[in-house]
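K.L.:
First the structure, which I've put down as structure tokens, then a few questions once you've had a look.
The values are calculated or read from the model by the stated rules, or taken from the named source; none is laboratory data. Remember, it's a predicted structure, so these values are computed and weren't measured experimentally. Cβ: placed from backbone, ideal geometry, glycine included. Neighbour counts: every protein chain shown. The accessibility values were calculated without ligands, DNA or RNA, using every heavy atom of the protein model including side chains. Shrake-Rupley method; radii C 1.70, N 1.55, O 1.52, S 1.80 Å.
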Amino acid sequence: MPPTETLWFVLGDQLDPRFSVFRRHFDKQRDVVLMAEVSDESRHVPSHKQRTALFLSAMRHYAERLRERQVTVRYTRLDDAGNAGTLAGELRKAIDAVGPARLAITRPGEWRVLRMIERIAAQRGLPLVVHEDPHFLLTPAEFSAWANGRSELVMEHFYRMMRRKYNVLVAADGKPEGGSGTSTPRTARSSRATARRSRRGSRTPTTPSRRRCCARSTRRCATSPATPRPSTGR
């Protein structure tokens, strides 16, 4: 078997059924895919065991589909002897085992994971190739270019840019469908009024039951000198 050129680290939330990244960049003769089931990831954020089981099942099926395409897959199961328990540990083991010339990944959805892979690549002196995830409509670099120089980041402005970029609800003359790029005037007025109330710190009860609840909370909080007295909007 020829020496490994690229070790591709495929994460459990990157199971693209169209294999779009592999079709463009993968060399079946010289590249190896790494996939790993590790307990640390299911504990990083609390996860129901049924979700974890479904997640791992999807990973195993995906690995089998890759093997059917004659892709070399290094796969670690959760109960394998010597499982490092972390993505970092499994990546280090794979580097030691296959000795790649470089690492490659599809950009992870978490900065935490991306930074971990970058650190290991730097420690081992390996180039790291980061391919953009085709499931996202905008790359981090494109977003940074859009945000650069703006005094504030407003979702409405970003939304307009994306609509123009992908020609979504945009008329032939380049203007928004329906003549408005955001919401109806009534909704816009309501949103502005809500924003003003929020800035004032007002929490006006809108129903009799909410007013009664707020009044009870006020009486109870008033007995505690350490608790600020909530506003009733009066």
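K.L.:
Could you tell me the calculated FRET efficiency between Phe19 and Lys175, based on Cβ-Cβ distance and R0 = 25 angstrom, to the nearest 0.05? It would help to have the intermediate numbers written out before the result.
P.N.:
Numbers: r = 39 Å, r/R0 = 1.57.
In this case the efficiency is close to 0.05.
K.L.:
Solvent-accessible area per residue for the stretch 44-110 at a 1.4 Å probe radius, Å²? Mind showing how you got there, number by number?
P.N.:
Details: 3940 Å² over 67 residues.
Spelled out: the 1.4 Å probe surface of the stretch 44-110, per residue, equals 59 Å².
K.L.:
What's the center-to-center distance, using Cα atoms, between the stretch 30-47 and the stretch 78-121 in Å?
P.N.:
9 Å
K.L.:
Hey, quick one: spin label on Arg69, modelled 7 Å out along Cα-Cβ, who in the stretch 124-150 has an amide N within reach, i.e. under 15 Å?
P.N.:
In the stretch 124-150, the label zone of Arg69 (backbone N under 15 Å from the point 7 Å along Cα→Cβ) covers 134-135.
K.L.:
Go through the stretch 117-128 residue by residue and turn each phi into a ³J(HN,Hα) via Karplus (6.51, -1.76, 1.60, θ = phi - 60°); whole Hz please, and just put x for glycine and proline.
P.N.:
5, 4, 4, 5, 4, 5, 5, 8, x, 10, x, 10
K.L.:
Something else now. Could you give the dipole magnitude of the stretch 74-117 about its Cα centre, charging the beta-carbon of Lys and Arg +1 and that of Asp and Glu -1, in debye to the nearest 20? Spell out each step's value before the answer.
P.N.:
Working: 8 positive and 5 negative charges, 47 e Å.
The calculation lands at about 220 debye.
K.L.:
Non-local amide H neighbours of Val129 (under 5 Å, H modeled in plane, Pro and chain starts lacking H): which ones?
P.N.:
Answer set, sorted by chain and number: Leu103, Ala104, Ile105.
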